[in-house]
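Read through the structure below, which is laid out as structure tokens, and then see the notes.
The values are calculated or read from the model by the stated rules, or taken from the named source; none is laboratory data. Source: prediction; values computed, not measured. Ideal geometry is used to build each Cβ from the backbone, glycine not excepted, and the neighbour counts take in all protein chains shown.
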Amino acid sequence: MKDNSKFSSFGVIVAMAGSAVGLGNIWRFPYLVGENGGAAFILIYLAIVLLISLPIFLSEFVIGKRSQSNPVGAFRKLAPGSKWHWVGILGVAAAFVLMSFYCVVGGWSTNYLVRSLGFQFSSANSPDFAGIFSNCVETTWPPIIYMVIFMIMTAVILLGGVKSGIEKFCKVMMPTLFFLVLFIAIYAMCLPGAGEGIRYLFRPDFSKITGNTLIAALGQAFFSLSLGMGCMVTYASYASPDENATRCSVITAISDTSFAIIAGCAVMPAVFAFGGNPESGPGLVFLTLPQIFEKMPLGSIVAILFFLALLLAALTSAISLVEVMLAYLIQEFKMKRGVALALVFALICVVGSLCSLSQGAVPGLKVFGMDFLSFMDYTSANIMMTIGALLTVIFIGWKLGKGIFREELTNHGTLNIPEWFVNMEFFIIKYVVPVVIILIMVASL
Ligand code: PHE
């Protein structure tokens, strides 16, 4: 009988890429680029991915692969009798906070897909864009209902388990997603007037960089690669103990980053070609883009493909977020998969509803001046994941040590990973990443 609790070699990579490529790439990245001055933000982001994210990714991979456990169990196994398992608990909590707003945006995507299938964004139906946005996002029931539908799709995949659920679906969804986004990007770049958008993406204006740009780029680099909250620990624990950590990490980081850039090339040229505002923030994809689809030749078809891509991207990430919580409940509390799933489903739907209501139906749902959804986004991406990532590298650099790091990267000397690479990554993990994270956190205050 095949083991349903482990990924195949290809499975680890598609599942990790599936987790990484998500709303972060298609919804969050383009609007952050718009809010933070275009190409300068992209350059900083690329530097952070190479210098900071990749070493963190390797650290998480090593922790998961060596322990073969959920994030909390992993730290318990690797540092028994210490308080390190709190880092795992912080991770599971971050997954919860993140998922409770992720499912809301996943619901908007589902709703927009359904509407595009009904050609509601086609000029023939003289759409009222603000009205549609308001109905999908700002009312009481439609957003909550679609959030629940999104959660049901997530749960159905997860019920299949690791190999016949997560791996099987990612193997189909990821290639589909890739071709969809690539096709839309090529189409958008061929539109007359698209050049302005390309220039915006690739010609940097460094005068726009501030402390906030840095923290936004750092937060996005964690968010987009699913770092600092035990997701990659969990997925790596489903990999075989002799998986090549470096190869998986590098492939995932490259796929995720190229995806973000391709998504940028799908969104920005279209925005510029039709005179949209690139700085329209979180509404960029849901409010600005549909108006562009209406004007674009074959726009109703592009709209369907785009929102399908958005939904697939959201689903493959949502399953990884929920799986972090499931792995924890199943392994630490000996719960059955179905019971754990029902529990998480219910809790997420409750908190997710609050996030959803904060978008307009209950305007008073604010924390520190931010609506509840933005607050959950900010808390998870810019605070919990940053602290989680910081503690993870400190754990590898100062507690687990270079010997174990080398053993896991080279699989006890059987893989040909150059010594200089191991030394360099370990040095970055031990000194560079903690210093940079702390500096950026201070700068943002
Ligand atoms: N990486 C996902 C995205 O880009 C979000 C995510 C974060 C998923 C953390 C899992 C864990 O949308």
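Couple of notes before you dig in:
- Helices (runs of 4 or more DSSP H) within the stretch 1-67 that include 2 or more residues in contact (Cβ under 8 Å) with a residue 40 or more places away in the chain, aromatic (Phe, Trp, Tyr) and farther than 29 Å from Lys77 by Cα: 29-35, 39-48
- Of all residues in the stretch 375-384, at least one satisfies being buried (at least 18 other Cβ atoms within 10 Å of the Cβ), within 30 Å of Ile48 (Cα to Cα) and more than 16 Å from the ligand (Cβ to nearest atom).
- Failed condition for Ser224, given (1) farther than 20 Å from Thr386 by Cα; (2) buried (at least 24 other Cβ atoms within 10 Å of the Cβ); (3) within 14 Å of the ligand (Cβ to nearest atom): (1)
- Qualifying residue in the stretch 53-68 (condition: crowded, with 18+ Cβ neighbours inside 10 Å, under 30 Å from Lys208 (Cα atoms), more than 16 Å from the ligand (Cβ to nearest atom) and not polar (S, T, N, Q)): yes
- Any hit, the stretch 323-338, residues being aliphatic (A, V, I, L, M), modelled with pLDDT under 95 and farther than 25 Å from Phe259 by Cβ: no
- Restricted to helices (runs of 4 or more DSSP H) entirely inside the stretch 351-445, those with at least 1 residues that are of a type in the set (Lys, Arg) and more than 23 Å from Trp86 (Cβ to Cβ) are 401-410.
- Long-range neighbours under 6 Å by Cβ, at least six apart or interchain, first residue under 16 Å from Met376 (Cα atoms) within the stretch 213-230, second more than 9 Å from the ligand (Cβ to nearest atom) and assigned to a loop (DSSP other than H, G, I, E, B): Ala216/Asn36
- Residue, nearest to the chain's Cα centre (by Cα), within the stretch 195-219, restricted to residues that are closer than 15 Å to Leu390 by Cα and within 16 Å of the ligand (Cβ to nearest atom): Gly219
- Unmet criterion (only one of (1) part of a loop (DSSP other than H, G, I, E, B); (2) crowded, with 24+ Cβ neighbours inside 10 Å; (3) more than 15 Å from the ligand (Cβ to nearest atom)) for Met229: (3)
- Every condition in (1) more than 14 Å from the ligand (Cβ to nearest atom); (2) in a helix (DSSP H, G or I); (3) under 24 Å from Ile152 (Cα atoms) holds for Ala309 except the one numbered (1).
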